[in-house]
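In what follows, a single structure is set out as structure tokens and then discussed.
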Amino acid sequence: MGKDGGSNAMWGGRFSAGPDAIMEAINASIGFDQRLSDQDIAGSRAHAAMLAAQGIITQADADAIRDGLDRVKAEIDAGEFVFSAALEDIHMNVESRLRDLIGAAAGRLHTARSRNDQVATDFRLWVRDQCDAAAEGLEALQRALLAQAEAGADWVMPGFTHLQTAQPVTWGHHMMAYVEMFARDAGRFRDARARMNECPLGAAALAGTGFPIDRAATAAALGFDKPMDNSLDAVSDRDFALEFLSAAAICAVHLSRLSEELVIWSSAQFRFVTLSDRFSTGSSIMPQKKNPDAAELIRAKIGRITGALVALLTVMKGLPLAYSKDMQEDKEQVFDAADTLMLALAAMTGMISDLTANRAALEAAASAGFSTATDLADWLVREAGLPFREAHHVTGALVARAEARGVDLPDLSLDEMQAVHGAITSAVFEVLGVHNSVASRTSHGGTAPAQVRARIAAWRERLT
């Protein structure tokens, strides 16, 4: 965005000569900052009303400005507004059109403000709205996950570490893990919103203004908690955008992890889930294939979002206070990251809502791979009184014996088990089944169906 002191034919004087095509191309931001039109007009309305209330401009001028801004907004909403690169940015485009509509009164709108505090306000308002949108999108995804968790609260499946079978868990427990993850993401967006909810407007170029403005009034009119307390900080801060991008990047990591699981689970080798046709595609050459394209694309989106975060960090890292033209490069990546995140959230919500989990395949996989070995070791400690390290060794020997026979632990006879350790009794078979295993994990946060259902109920109440 061109700021006060930038080259623009509207300033006259020594900048009256129009920039050549190259300078115009590098200097103009209207190609992307027109997305800030609603925020720019809202800020101008609040500023004009405050100027009139303070007696800095007449009420008649304020009324004309308000009505003119309403007409500009209507033209933009209707797609009738003609944006000009020669006018550099959204601020000058709006002000120029306002002057066409209401004449000299438009020139009084910019009293006691600068494009520096104007863009800081506009951008902060836009990012604040995106924090709200992201939190709402995450709640929709959480509801879809809750529905899946509720349907399969007691369905057993393998839990993995290193993508190797570890212990049985429930489908509901696995779905609820993502509910918790995405709750933290929503919390980060809400925290960022609360921190950014201070108003830069009135900081002017960098030092404040000598006009008797009421910054508290404009802050309140725009839904901010208070004015920012330092004018230098107000115009130079982009922490709010960095914090939004940070939250978006962490959220994208979670979406990517879930996408990876959907890709694996929907493969012919796993068959844990079936994705709906709405979120899959076929192969142009292999008729048997059903590709999880939506999940793969979501998995890739993190590159754009983390790239946006790194880009803005790089822009901001060496800037002295207060405003520098470098900061015009703060918007495109934020716009793209926000669009990318909202699309990924919507696609994931659709995929999870349409997902069909294969209960039989989940249970068969849960019962394979010696998934109840830990239960056996725990039983040896609890019932046979073995030290855990000895129980671990005995269990390992039993796993080796079962593996040599090509069977799972519950398929070993009591005689075979007692040949390894005489303290083993028939009661051990009560813990070796996968359903018994998950039912026993009743500690807080555990995978027992009762625990899972309790967390589902708590989350349903929280999201109501």
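The values are calculated or read from the model by the stated rules, or taken from the named source; none is laboratory data. Computed from a predicted model, the values in this text were never measured in an experiment. Because the Cβ atoms are built from the backbone with ideal geometry, glycine has one as well, and the counts that use them run over all protein chains shown. To get the accessible areas, we keep the full protein, side chains included, count just its heavy atoms, and leave off ligands, DNA and RNA. Shrake-Rupley method; radii C 1.70, N 1.55, O 1.52, S 1.80 Å.
At 0.692 mPa s and 37 °C, plugging the Kirkwood radius over alpha-carbon pairs of the chain into Stokes-Einstein gives what diffusion coefficient in µm²/s? Estimated diffusion coefficient is 125 µm²/s. When the inverse distances between all different Cα atoms of the stretch 21-108 are averaged and flipped, the Kirkwood radius reads 13.4 angstrom. Check the chain and count each lysine pair with an alpha-carbon distance under 18 angstrom, considering only pairs eight or more places apart or from different chains. The number of close lysine pairs in the chain is 4. Toward the positive end of the charge dipole of the chain, with +1 on the Cβ of Lys and Arg and -1 on the Cβ of Asp and Glu, the farthest Cα among 81, 205, 351 is that of 351. Residue 88 sits with roughly 10 Å² accessible to a 1.4 Å probe, with DNA, RNA and ligands left out of the calculation. The separation of the stretch 340-416 from the stretch 99-163, counted between C-alpha centres, amounts to 40 Å. Net length available on complete extension from residue 26 to residue 420 is 134.1 nm, with 0.36 nm assigned per residue and the Cα-Cα distance removed. For residue 435 and residue 184, the difference between the fully extended length at 0.36 nm per residue and the C-alpha to C-alpha distance is 87.3 nm.
Estimated from helical segments only, the mean residue ellipticity of the chain at 222 nm is -19500 deg cm²/dmol, where each DSSP H run of four or more residues counts as -39500 (n - 2.57). One quarter of the surface of the convex hull around the alpha-carbon atoms of the stretch 61-145 equals 7.5 nm², the direction-averaged projected area. Summarise the long-distance tail of P(r) for the stretch 360-464 by giving the % of C-alpha pairs beyond 25 Å. So the pairs more than 25 Å apart make up 29 percent of the total in the stretch 360-464.
Here the 3J(HN,Hα) profile of the stretch 105-118, calculated from phi with Karplus coefficients 6.51, -1.76 and 1.60 at θ = phi - 60°, is 4, 4, x, 7, 4, 7, 4, 6, 8, 10, 5, 5, 6, 5 Hz, Gly and Pro shown as x.
The stretch 391-435: D in µm²/s via Stokes-Einstein (Kirkwood Rh, Cα pairs, 10 °C, 1.306 mPa s)?
Working: Rh = 10.7 Å.
It diffuses with D of about 149 µm²/s by this estimate.
Taking all Cα-Cα distances within the stretch 185-267, those exceeding 20 Å account for 50%.
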